[in-house]
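Right, one structure below, let's go through it.
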Amino acid sequence: MVQKTLPKLFPHDGAKRKKRTLGTSGPCCGGGGQIPQISYASTAPDLSDNSRYDFFSRVVPSDTYQAQAMVDIVRALKWNYVSTVASEGSYGESGVEAFIQKSREDGGVCIAQSVKIPREPKAGEFDKIIRRLLETSNARAVIIFANEDDIRRVLEAARRANQTGHFFWMGSDSWGSKIAPVLHLEEVAEGAVTILPKRMSVRGFDRYFSSRTLDNNRRNIWFAEFWEDNFHCKLSRHALKKGSHVKKCTNRERIGQDSAYEQEGKVQFVIDAVYAMGHALHAMHRDLCPGRVGLCPRMDPVDGTQLLKYIRNVNFSGIAGNPVTFNENGDAPGRYDIYQYQLRNDSAEYKVIGSWTDHLHLRIERMHWPGSGQQLPRSICSLPCQPGERKKTVKGMPCCWHCEPCTGYQYQVDRYTCKTCPYDMRPTENRTGCRPIPIIKLEWDSPWAVLPLFLAVVGIAATLFVVITFVRYNDTPIVKASGRELSYVLLAGIFLCYATTFLMIAEPDLGTCSLRRIFLGLGMSISYAALLTKTNRIYRIFEQGKRSVSAPRFISPASQLAITFSLISLQLLGICVWFVVDPSHSVVDFQDQRTLDPRFARGVLKCDISDLSLICLLGYSMLLMVTCTVYAIKTRGVPETFNEAKPIGFTMYTTCIVWLAFIPIFFGTSQSADKLYIQTTTLTVSVSLSASVSLGMLYMPKVYIILFHPEQNVPKRKRSLKAVVTAATMSNKFTQKGNFRPNGEAKSELCENLEAPALATKQTYVTYTNHAI
């Protein structure tokens, strides 16, 4: 410590006064009692504690500012994952602690490793430090608060580990712009960012110091030792050893000429510290001893507490032109120059790349990095997550995270949250938002609609052709024998079955859905109600004939129509009740095709008819079909000469097969992605096939005879109902006996007699007055 003692503050009476210590200016804290101190080199943050160092001030900024400046640089370079290395002791440990504290306060910077260099490191200690730093290899930026020797040995260890260019060093003011730490280690240190309190070279000091010799600087007791070290010589002949290459000093050596010279960086602060003490004493003397020369009684002795107040209030322009002031803790303002150690054209230099005065001014375009030029290197724990990925932060390490993709129907709300899209939406391609799910329906030009539409068009054309034919030949025997009234009802049902296809493919809306409810089951109900009435009439006629010659009741055309429409009315009644309980409307079903991959999700526009509702809608028609089939089986033995029982039976058997195939196809595809298309196609094709079977088996043979064999469409002799029934009954009995003959082909005499006329004139249709079957 350099003490400044003042035997006389100002000349006074020529009298000698006792030497008193008023204050000190030195590199560090020291002394005791209430003696104000001004340091020109001490930067440890602990010295800002007024409870312990209340009389301490300094003209250099605290490492707290330095730590803040370094944190700002790290953030400006977009580094968020760094390691720290500190020399054991107050400077290194306090500096790193301040850096860590500031990084926590500002956020966004995490410490990967915090390594301490022992005061007396063992062999291999620095190699061990490099290995520890490599454990977190993503933390390529290393913050160093260490002395020159430790910095150099860390760089040497990095070179031995072949890690040249891997680490990016950021040194504190102990590194600054010094050559010694990086001498012959230029490649390892390339790109290092260092910080140094803002300063300037004092030219007057250079002239003064370079003129110092052993003769004119005897008052400095350490100058002789400096002389020997600077010129590599010895002043005393006895200090020379035989065989050594050390020469004897001649006193003709000159600083800056016979040795390298560079001004110590803290000269400016030494001068500012002395001037600060002088300004404080001058202001104190002006206030306490106005108009007096020398010390007055109020300053004899000087009160350290009062002097401290004046020191803290000084404000003058320092030797470098910067204002010299102190805050309430005795700290000077933080002003730093920022350097980067760069290699250009095989020459190395510290290049100024910015400054820090309360906030950062960094010229990133002036920076140069090994291997990447001006591109900023990375020192981050985790790579940024891609759009559609959320961050899952590692516990205790906010700068480290795992990227988890938003899955299913989730989208990214913010960096840390995924949220499920609304039911009618799906995530965008990059999962940063939601978009509406496309709505589909069965289109007219869809491949799935081709076959149903083809069958429907052909079927409607065929039905209209049959109707026109029957109307034109309405009074012919074949048309009369087929029961004209029920035939037209049956043809109407067949037409509606075909027409239903167009309703099933049309775009669902209120009108379409209402018509689907009405006609989907109605067409089948009309068809099977008419067939059931026919088969029931035939069955009752022949059953009645077995017991009596009188005709059964309700076999007239009017009665048959009444029975048919009664059966149909039950279907209409059920539909009306359904409309009252659940009015018809169209819906968009987003669950039907909500696939695991949202890219293929679709909303299905359809009518509000569930699978269960559809079964109920068709259930009554199925019941009529089964009942009709039962009657067809019962009347299978009646000769076809007298009735349509067998064609009706074949029709019902085929229809049952069609619908038995429909059920597994329809319900087995309920989980298919093409459910809409498969089920609609299956249903419409099944309805059309049922109608086609009825049309083909019951009416096409008659139309064929009417148009191509009119000679067969003639009336035959009339017979009574009893004769018809008796002949049919006897025919059945003989047919059953014939089954026991060896060849199984025996025919009864009645059959032969009945067939003989038929063979002679081919087949003829018989009509019966008042008892047409």
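Rule-based calculations on the coordinates, nothing more; no lab input. Because the structure is a prediction, the values reported are computed rather than measured. FYI the Cβ positions are ideal-geometry reconstructions off the backbone, even for glycines, and counts take in every protein chain you see.
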Put +1 on the Cβ of every Lys and Arg and -1 on every Asp and Glu Cβ in the range 346-495; which of HIS359, LEU486, GLY396 then has its Cα farthest towards the positive end of the dipole?
GLY396
Nearest 20 debye, what's the magnitude of the dipole of the range 217-262 about its Cα centre given +1 on Lys and Arg Cβ and -1 on Asp and Glu Cβ?
380 debye
I'd like the distance separating the alpha-carbon centroids of the range 451-507 and the range 313-342, in whole Å.
106 Å
Can you list the aspartates and glutamates whose alpha carbon sits under 16 Å from that of LYS675, skipping same-chain ones fewer than 8 residues off?
GLU443, ASP589, ASP592, ASP608, ASP611
Packing-ranked peptide list from 212-219, 89-96, 59-66, 469-476, highest mean Cβ count within 10 angstrom first, is 59-66, 89-96, 469-476, 212-219
Over its Cα atoms, what ratio of radius of gyration to 2.2 N^0.38 Å does the range 267-346 give?
1.54
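Express the Stokes-Einstein translational diffusion coefficient of the range 217-262 in µm² s⁻¹, to the nearest whole number, given a Kirkwood radius over alpha-carbon pairs, 25 °C and a viscosity of 0.890 mPa s.
215 µm²/s
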Could you give the size of the charge dipole of the range 63-197 about its Cα centre, using +1 on the Cβ of each K and R and -1 on the Cβ of each D and E, expressed in debye and rounded to the nearest 20?
380 debye
Largest-first semi-axes in Å of the equivalent ellipsoid built from the Cα gyration tensor of the range 63-197 are 21, 16, 15
Alpha carbon Rg of the range 505-545, scaled by the compact-globule rule 2.2 N^0.38 Å
1.89
Would you calculate the convex hull of the Cα atoms in the range 112-169 and tell me its volume per residue in Å³?
76 Å³
Taking the Cβ of ALA98 as the centre, find all other residues whose Cβ is under 12 Å away and add up their charges (Lys, Arg: +1; Asp, Glu: -1).
-3
Divide the volume of the convex hull of the Cα atoms of the range 218-353 by its number of residues and quote the answer in cubic angstrom per residue.
229 Å³
Do any of LYS102/LYS198; LYS266/LYS351; LYS419/LYS606; LYS102/LYS266; LYS178/LYS198; LYS178/LYS266 go past 23 Å between their Cα atoms, and which?
LYS419/LYS606; LYS102/LYS266
Computed over the Cα atoms of the range 449-585, the Rg and Dmax in Å are 17.9, 58
If I take the Cα coordinates of the range 337-475 and project them onto the principal axes, what are the three extents in Å, biggest first?
119, 40, 24
In whole Hz, the Karplus estimates of ³J(HN,Hα) for the range 339-348 (6.51, -1.76, 1.60; θ = phi - 60°; x where Gly or Pro) are 10, 10, 7, 10, 10, 9, 6, 6, 10, 10
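In what sequence, highest mean first, do 700-713, 397-410 appear when ranked by Cβ atoms within 10 angstrom?
Descending packing order for the listed peptides: 397-410, 700-713.
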From Cα coordinates alone, what are the radius of gyration and Dmax values for the range 389-436 in angstrom?
12.0, 40
Cβ-based exposure ranking for ARG484, ARG252, ARG415, in which fewest neighbours within 10 Å come first
ARG252, ARG415, ARG484
Roughly how many whole Å is it from the C-alpha centroid of the range 684-703 to that of the range 201-259?
126 Å
Mind jotting down the distance between the C-alpha centroids of the range 545-624 and the range 430-449, whole Å?
29 Å
Highest to lowest packing among 179-188, 674-683, scored as the average C-beta count within 10 Å:
674-683, 179-188
Counting sequence-distant residues (5 or more places) and residues on other chains, those with an amide H built under 5 Å from that of GLY433 are GLN412, THR428
Sorting ILE380, ILE129 on the 10 Å Cβ count, fewest up front, what's the list?
ILE380, ILE129
